[in-house]
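One structure is given below, encoded as structure tokens.
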Amino acid sequence: MALDSKIPHGPISDKWTDYKDHINLVNPANKRNLDIIIVGTGLAGGSAAATLAEQGYNVKAFCFQDSPRRAHSIAAQGGINAAKNYKGDGDSVYRLFYDTVKGGDYRAREANVHRLAEVSANIIDQCVAQGVPLAREYGGLLDNRSFGGTLVSRTFYAQGQTGQQLLLGAYSAMNRQIGRGKIKMYNRHEMLDIVIVNGKARGIIARNLITGEIERHSAHAVVVGSGGYGNVFFLSTNAMGSNATAAWKIHKKGAFFANPCYTQIHPTCIPVSGDHQSKLTLMSESLRNDGRIWVPAKQEDAKAIREGKKKATDLSEAERDYFLERRYPAFGNLVPRDVASRAAKERCDAGFGVNKTGEAVYLDFAAAIKRYGTEEAFVKGLDANDAALVTKLGAEIVKSKYGNLFQMYYKIVDEDPYTTPMMIYPAVHYTMGGTWVDYNLMTTIPGCFSIGESNFSDHGANRLGASALMQGLADGYFVLPYTIGDYLAPDIKMGEISTDLPEFVAAEKEVKDQIDRFINNKGTHSVDYFHKKLGKIMWDKVGMARNAKGLTEAIEEIAALREEFYKDVKVPGSANEFNQELEKATRVADFLELGELFAKDALHRNESCGGHFREEYQTEEGEALRDDENFAYVAAWEYKGKPSDAVLHKEPLVYENIKLVQRSYK
Ligand SMILES: Cc1cc2nc3c(=O)[nH]c(=O)nc-3n(C[C@H](O)[C@H](O)[C@H](O)COP(=O)(O)OP(=O)(O)OC[C@H]3O[C@@H](n4cnc5c(N)ncnc54)[C@H](O)[C@@H]3O)c2cc1C
């Protein structure tokens, strides 16, 4: 099957407008005749559900949590980008487009990224209209801060809780439609398969997670906004429940999976502290606005710190190596995440790590506290030479910007980041890969759309900070509501789709059979036992640095682990009750397939780009070395029975507006 990305013709800045002007529309009265299923009510699915219902469609929305308010989007801390140029620092739609393509190491689709940059400003207006309390400056204008990979301040934020506030906005908009009966909300429901009738997505099979009942739901189109698959690594900054099942199930029924190996390892997370952990905690990238990253300049000092003989604060400025500022003077601590993560790993691997395991670097706010405190003392006419006063005033400013993050760090690590630097280390955070979609956000299954983190997205091989919320809300509020109409227009007279069709019966049987198999397996090991093993293979061999040998081993090991899982997994309880072990089993079964495809994709991509770092392909300075001649394409995998048989399709990436050059942040 040939991939058709359906990118409109014409100049990049006119594509979206022209396209919208000419696609099919469904008139308001006919929208009432059309049903849309939305799987996932995070920022992407929630915004789509609210908008489509507002337009008049009948929406059925599903989430596995007890409320849309608990979607993983709620965890987003640092902010959301938009090209508003409020700071007058030279920002524009083009710059946001350019920064995103460059940040993604030239592996994103130009037309989609430009559209994203165009609608970014609308998102902020929409959210402000909903009452989302974005931070404001003294004069009342919305405030901005900087994120990695840019030289402007374009990130809108609500302290360290931006995702939560945006989600409350989307959730309020959804609730209005739930109240009107236009959205039927299915909380605590998990989609376990898609139903395809005559080649088109026409429904889903879902499990009621409270009663265990298996349900059939039909619609004229299915939208998947089920989030990312970072939990394939077991340990990640994602919510514990985040999983790939919806995306993987549609993959198995015909949706190509794109660039599975593009995963983001975020540089500023609280380091792993032991085997007992089931989750890692992010310290937002916004902290890199004011925090300076360093390790001791001498290995002896690093060793003394690891052994508890010295403290960070014992080291003078001359004894510190601010390695990002040293290596990347232009962007300093605000280089993109992939660059910052690799630089931290390089220092730790070289023996400069500062925690007991040697896998941590410092993120230090002392300079910012002093800078803010001095300014504040000056503004208030107080003594700027009084060190204690300056520290107190500076700490108050830092608290107003990042207070909740500092509190979180203190509660987890039991150290006060106002007085001693934070310790941080890279951790799995975001997945740029996902289901392949065309310009309409439709997968290779007609009528099945994918939005937000679950699609292969606009971020290429590395996502810039504060761009996921932008993409999810762009997809849900401003893109899908147009493009889905184009697809649905011919269906206006079709009427309700029966769930008695044989395709529903067959899909339901498949789901029930899988559940019965797990319940009756009576193995000896828990689901987590296998998930942890998978995570270790992924981190060691498919993680921050990859090579052909490790990837080949990983592919074999994951396939063997999957076999062992099916023979030996133990799922207690029954199918007809609230059974979280059963939920985990179906999710981990999918991770065990996805993990293998992930490694296969990483092995085939004989280049380094963004978050995909192949040790064989690097510059003398240890930077990612792309091979544009052979790999400037989206790798879209077609399922053929098992991951090892997946067939590769290539969507060439054409750069007409941005020149392909090796990325530099110096
Ligand atoms: C700690 C943290 C901080 C972050 N901070 C930022 C930030 O500051 N700025 C930024 O831009 N990005 C940030 N990100 C990334 C961003 O939060 C996510 O990419 C984004 O919120 C994903 O939104 P989503 O709607 O695609 O998916 P999610 O919010 O993950 O929602 C997924 C939805 O799908 C549902 N679902 C999944 N599977 C099924 C199924 N099988 N059946 C039924 N329902 C299902 C879930 O119940 C949920 O409703 C952060 C990520 C993390 C982990």
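The values are calculated or read from the model by the stated rules, or taken from the named source; none is laboratory data. Here the structure is a predicted model, which is why all the values come from computation and not from measurement. All Cβ positions, even for glycine, are placed from backbone atoms using ideal geometry, and neighbour counts span all protein chains on display. When the accessible area is computed, the model is the full protein with side chains, heavy atoms only, and any ligands, DNA or RNA have been set aside. Shrake-Rupley method; radii C 1.70, N 1.55, O 1.52, S 1.80 Å.
Going through (1) open to solvent by less than 30 Å² (accessible area, probe 1.4 Å); (2) modelled with pLDDT under 95 one by one, C269 falls short only on (2).
Filtering region 458-477 to residues that are farther than 20 Å from S284 by Cα and within 9 Å of the ligand (Cβ to nearest atom) leaves D475, G476.
Here's the yes/no breakdown for (1) crowded, with 16+ Cβ neighbours inside 10 Å; (2) at pLDDT 95 or above; (3) in a helix (DSSP H, G or I):
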position: D275; (1), (2), (3): no, no, no
position: R288; (1), (2), (3): yes, no, yes
position: A302; (1), (2), (3): yes, yes, yes
position: I305; (1), (2), (3): yes, yes, yes
position: A318; (1), (2), (3): no, yes, yes
position: N333; (1), (2), (3): yes, yes, yes
position: A340; (1), (2), (3): yes, yes, yes
position: A344; (1), (2), (3): yes, yes, yes
position: V354; (1), (2), (3): yes, yes, no
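Going by what's in this entry, would G381 be described as among the small types (G, A, S), farther than 30 Å from A461 by Cα and either touching a helix residue (DSSP H, G or I) at 6+ places or on another chain (Cβ under 6 Å) or free of Cβ contacts under 8 Å to residues at least 12 places away in the same chain (or both)? Criteria met by G381. Filtering G476, G460 for residues that are in contact with a Gly (Cβ under 9 Å, 6 or more places away or on another chain), crowded, with 24+ Cβ neighbours inside 10 Å, part of a helix (DSSP H, G or I) and of a type in the set (G, A, S) leaves a single hit, G476. Inside region 480-503, residues that are in a helix (DSSP H, G or I) and within 21 Å of N33 (Cα to Cα) make up a count of 12.
Taken across region 241-251, residues that are open to solvent by 10 Å² or more (accessible area, probe 1.4 Å) and more than 9 Å from the ligand (Cβ to nearest atom) do not occur at all.
Across region 553-575, the number of residues qualifying as within 15 Å of F591 (Cβ to Cβ), in contact with a His (Cβ under 9 Å, 6 or more places away or on another chain) and open to solvent by 30 Å² or more (accessible area, probe 1.4 Å) comes to 1.
Yes/no matrix, rows are residues, columns are (1) surrounded by 20 or more Cβ atoms within 10 Å (Cβ to Cβ); (2) modelled with pLDDT of 95 or more; (3) within 16 Å of the ligand (Cβ to nearest atom); (4) farther than 30 Å from Y655 by Cα:
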| position | (1), (2), (3), (4) |
| --- | --- |
| T100 | yes, yes, yes, no |
| V119 | yes, yes, yes, no |
| C127 | yes, yes, yes, yes |
| P133 | no, yes, yes, yes |
| Y138 | no, no, no, yes |
| F147 | yes, no, yes, no |
| G160 | yes, no, yes, yes |
| L167 | yes, yes, yes, yes |
| I178 | no, yes, yes, yes |
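Output yes when any residue across region 592-605 is in a loop (DSSP other than H, G, I, E, B), open to solvent by less than 40 Å² (accessible area, probe 1.4 Å) and over 22 Å from V428 (Cα atoms), and no when none is. No, because not a single residue in region 592-605 is in a loop (DSSP other than H, G, I, E, B), open to solvent by less than 40 Å² (accessible area, probe 1.4 Å) and over 22 Å from V428 (Cα atoms). Answer with yes or no whether A173 is within 15 Å of the ligand (Cβ to nearest atom), open to solvent by less than 40 Å² (accessible area, probe 1.4 Å), in a helix (DSSP H, G or I) and within 17 Å of R69 (Cβ to Cβ). Here the answer is yes, as A173 does meet what is asked. Listed by position, the helices (runs of 4 or more DSSP H) enclosed by region 10-84 that each have at least 3 residues that are within 16 Å of the ligand (Cβ to nearest atom) and either open to solvent by 10 Å² or more (accessible area, probe 1.4 Å) or closer than 22 Å to A158 by Cα (or both) are 43-55. On inspection, S92 does not qualify as under 24 Å from H429 (Cα atoms) and hydroxyl-bearing (S, T, Y). Is it the case that some residue within region 389-405 is closer than 30 Å to D540 by Cβ, touching a His at 6+ places or on another chain (Cβ under 9 Å) and crowded, with 18+ Cβ neighbours inside 10 Å? Taking every residue of region 389-405 in turn, none turns out to be closer than 30 Å to D540 by Cβ, touching a His at 6+ places or on another chain (Cβ under 9 Å) and crowded, with 18+ Cβ neighbours inside 10 Å. Determine, yes or no, whether G230 is closer than 24 Å to V511 by Cβ and modelled with pLDDT of 95 or more. Criteria not met by G230. The residues in region 620-635 that are open to solvent by less than 20 Å² (accessible area, probe 1.4 Å) and over 24 Å from D4 (Cβ atoms) can be counted, and the count is 2. Here L209 meets each of (1) within 15 Å of F449 (Cβ to Cβ); (2) within 12 Å of the ligand (Cβ to nearest atom); (3) open to solvent by less than 10 Å² (accessible area, probe 1.4 Å); (4) not charged (D, E, K, R) with one exception, condition (1).
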